[in-house]
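Quick notes on the structure that follows.
The values are calculated or read from the model by the stated rules, or taken from the named source; none is laboratory data. The model shown is predicted, which means the values in this text are computed figures rather than measured ones. Here Cβ is always computed from backbone atoms with ideal geometry, including for glycine, and neighbour counts include all displayed protein chains. Side chains included, ligands, DNA and RNA excluded: accessible areas come from the protein's heavy atoms. Shrake-Rupley method; radii C 1.70, N 1.55, O 1.52, S 1.80 Å.
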Amino acid sequence: MKKAILLSLIINIFLFAAARSQQKKAYQPVIEPCACPVKIDSSFKTTCAYLVVPENRKKQNGKTVKLPFIIVESKNPDKRKDPVLFTGGGPGSGSLGWARGAANSMIINDRDCIAFEQRGAGYSIPSLSGPELGAAVKESYKYNLNKDSMVVEGVKRLRKGLEARGIDLAGYNTDETVSDIHDLLSVLRIDSVNLFGISYSGGLMQAVLQRDPSRIRSLILDSPLPTFVPIDEDEPANFNEALNILFEHCKKDSADQALYGDLKEKFTAYFTAIGQKPFYISYLEKGATDSIRVAYNRNDLFDIIQNYFGKEAPYVITELIKGNHREYVTKLLDYTFSGHRGPSGMRITVYCADQAIYHDEHILRQINNAYPYMEGYHINDVYNAMCDCWNYTPVKAGTKQPFYSAKPAFLADGEMDNACRPLYIDMIHHYMPNSQRLLFINKYHGVIGRDVQPYLVRFLNNPYQQLISDRNDIIFY
């Protein structure tokens, strides 16, 4: 009797495992050739194709997405067998333009370079872009309507437009993109790869490693947003910390102390005093014959500061405090009236699925006490009221958890990063003890450029060897 029960249990376990295996193999990723969306140096052998995978792996409806990628092959006959795979930040930013730069980089001397477009972004099919949200934002300025209300209305219109195209928004989040990258590595038969991510895709690449580290040789993370960070709870503090460092540089280094020496005090006093007071500007839309009176407020001025965050920021902040708004507000309105202001459907979906669902509203309310001059400002252009009228599938709770890994990583950031503070590369280093941190003095968000490439190449060739900086403005630690 006991043998029969044991045999039955073994058979059931086998059948369950077989069913799970069959479920995992319910689809096969396919490669489909396509024309190159971006122009690459013709002296390089280049492959452009789509990865074709299910739109929603949880549904057996046969709908697929086409995700373009570009492989730029190294000319070196003795090249390494571990390519670098890059995907962009955002979420929602395009990735394929990186392949053009890779052809002129030092990386290509020893390795193939692969640029991969995330689902819903850029040249992917479908792309989660549409005119509805931008049009609603434009309406809010054109007719002086409540902007938050019109953003929510625009989100509803955008969702309706995307769903009318047959798009299943529940199929777009970090977990699905992680599966896409692993499918790409499998179908290309890549056994060892170096993953390169920036900002949001820094966290995405961590999630790729977390899912299955077997093919992952190393990570290169530029100004990364870790998967386990609740960015809406952090970003106002990130912005203010970066501002404080900027103000300290002004106080210490500026030749015009009368203008910039006490910029922090002037900034805090001005933006506290104006509150939500409306300002007005006479604005002529391009192609129109009559000007209209447009209202704007402190939130728009913060958007302007965000747009100019960098070397120009002290001058721009000073001009805004003086009341010289026209030049900057006009440029902001030109962009708004072109219909492009507002996040893409891809950005909305991923932020709702990855972030908003996990945020603590109590902590979000505390932000106003810490930074009263920012009350009412949505520093992130995706927030809970938008997610309440969107369709999305939250990422798995495990994706949001930190994890330990012995894999080597190259972690870089700027000391004045106003979005993803250097604190984040410290947090990643805590969980990845074989990582190396690079801090750029006087730089902001997104620091890996041509001047970093010598260090990057050394890391790729010997990822466990400690790098040493020969520059005063680059600190390895």
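Residues checked against (1) outside any helix (DSSP H, G or I); (2) open to solvent by less than 20 Å² (accessible area, probe 1.4 Å):
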position	(1), (2)
Phe196	yes, yes
Gln210	no, no
Ser218	yes, yes
Glu248	no, no
Tyr270	no, no
Gln276	yes, no
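Which members of region 65-82 meet the condition of being farther than 22 Å from Asn173 by Cβ, surrounded by 15 or more Cβ atoms within 10 Å (Cβ to Cβ) and either without any contact (Cβ under 8 Å) to a residue 24 or more places away in the chain or among the charged types (D, E, K, R) (or both)? Correct list: Glu73, Lys79, Arg80, Asp82.
Against the conditions (1) modelled with pLDDT of 95 or more; (2) within 25 Å of Cys352 (Cα to Cα); (3) open to solvent by less than 30 Å² (accessible area, probe 1.4 Å); (4) not in a helix (DSSP H, G or I), Gly90 satisfies every one except (1).
When you look at Arg458, is it at pLDDT 95 or above, part of a strand (DSSP E or B), over 18 Å from the mean Cα position of the chain (by Cα) and over 23 Å from Thr174 (Cβ atoms), yes or no? So Arg458 does not fit the description; no.
Consider region 403-418 and keep the residues that are among the small types (Gly, Ala, Ser) and surrounded by fewer than 24 Cβ atoms within 10 Å (Cβ to Cβ). The one that is farthest from the chain's Cα centre (by Cα) is Ala406. Quick check, is Leu85 assigned to a helix (DSSP H, G or I) and crowded, with 24+ Cβ neighbours inside 10 Å? Considered against the rule, which asks whether it is assigned to a helix (DSSP H, G or I) and crowded, with 24+ Cβ neighbours inside 10 Å, Leu85 comes out as no. Within region 294-304, if we keep just the residues that are touching a residue at least 60 places away in the same chain (Cβ under 8 Å) and under 11 Å from Tyr141 (Cβ atoms), the residue that is least open to solvent (accessible area, probe 1.4 Å) turns out to be Val294. Within region 416-444, the set of residues being part of a loop (DSSP other than H, G, I, E, B), in contact with a Phe, Trp or Tyr (Cβ under 7 Å, 6 or more places away or on another chain) and farther than 27 Å from His359 by Cβ comprises Asn434 only.
Only residues that are surrounded by 14 or more Cβ atoms within 10 Å (Cβ to Cβ) and modelled with pLDDT under 85 were counted across region 14-64, and they come to 0.
The residues listed here are Gly166, Gly130; of these, the one that is surrounded by fewer than 20 Cβ atoms within 10 Å (Cβ to Cβ), among the small types (Gly, Ala, Ser) and not in a helix (DSSP H, G or I) is Gly166.
Contact map, region 358-387: residues that are open to solvent by less than 30 Å² (accessible area, probe 1.4 Å) paired with residues that are assigned to a loop (DSSP other than H, G, I, E, B), Cβ distance under 7 Å, separation 6+ or inter-chain. Pairs shown: His359/Pro230; Val382/Pro343. Looking at region 335-352, can you tell me whether even one residue there is basic (Lys, Arg), open to solvent by less than 50 Å² (accessible area, probe 1.4 Å) and over 22 Å from the mean Cα position of the chain (by Cα)? No, the conditions are met nowhere in region 335-352. State yes or no: is Leu423 free of Cβ contacts under 8 Å to residues at least 24 places away in the same chain and under 19 Å from Gly202 (Cβ atoms)? Judged against the criteria, Leu423 is a match. Is it true that some residue in region 408-429 is over 21 Å from Asn194 (Cβ atoms) and aromatic (Phe, Trp, Tyr)? Among the residues of region 408-429, not one is over 21 Å from Asn194 (Cβ atoms) and aromatic (Phe, Trp, Tyr), which makes the answer no. Only one entry in Ile367, Ile468, Ile475 is of a type in the set (Val, Ile, Thr) and under 29 Å from Tyr172 (Cβ atoms), namely Ile367. Considering region 250-268, and only residues there that are in contact (Cβ under 8 Å) with a residue 40 or more places away in the chain and more than 20 Å from Ile441 (Cβ to Cβ), the residue that is most open to solvent (accessible area, probe 1.4 Å) turns out to be Lys266. Only one entry in Arg159, Arg189 is part of a loop (DSSP other than H, G, I, E, B) and of a type in the set (Lys, Arg), namely Arg189. Of the set (1) part of a helix (DSSP H, G or I); (2) within 25 Å of Pro422 (Cα to Cα); (3) out of contact with any Phe, Trp or Tyr (no Cβ under 8 Å at 6 or more places or on another chain), all apply to Lys266 but (2). Restricting attention to region 305-332, the residues that are crowded, with 21+ Cβ neighbours inside 10 Å and over 20 Å from Ile379 (Cβ atoms) total 0.
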